[in-house]
Amino acid sequence: MLEIPAVVTGEPGRLGPSEMAAESPFAVVCLVTVGGLIGYTCPTWLILRAPVTTVATRSHVNPIVAVSLVSAPLAVRASRRRS
């Protein structure tokens, strides 16, 4: 979703390997792997152990939790990458 504004402002031209931390690719792989495991395992576990009505509320609660988790850290200043 943010690709279009990034391209319009010329961000890809300013981003190079020297601008990224060495740990960044590893962090992305970990987030995708762990996020996928949790994202697909938890609903399956819940479906097997909880009533259908409880599981159905998950789709309504997830966006609220997601917005809350993203909004809270915005109040904290991001630390700069070490040189």
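One table, with the values for the structure above:
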quantity	calculated
Using alpha-carbon coordinates, inclination of helix 24-49 to the longest axis of the chain, degrees	10
Using alpha-carbon coordinates, inclination of helix 52-71 to the longest axis of the chain, degrees	20
Ellipsoid equivalent to the chain - semi-axes via the Cα gyration tensor, in Å	34, 17, 14
Inter-label distance, nm, simple model (7 Å from Cα along the C-beta direction), T41/T53	3.0
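All of the numbers you see were taken from the coordinates with simple rules; none came from a lab. Please read all numbers here as calculations on a predicted model, not as lab measurements. In this analysis, Cβ positions are derived from the backbone assuming ideal geometry, glycine residues included, and neighbour counts consider all displayed protein chains.
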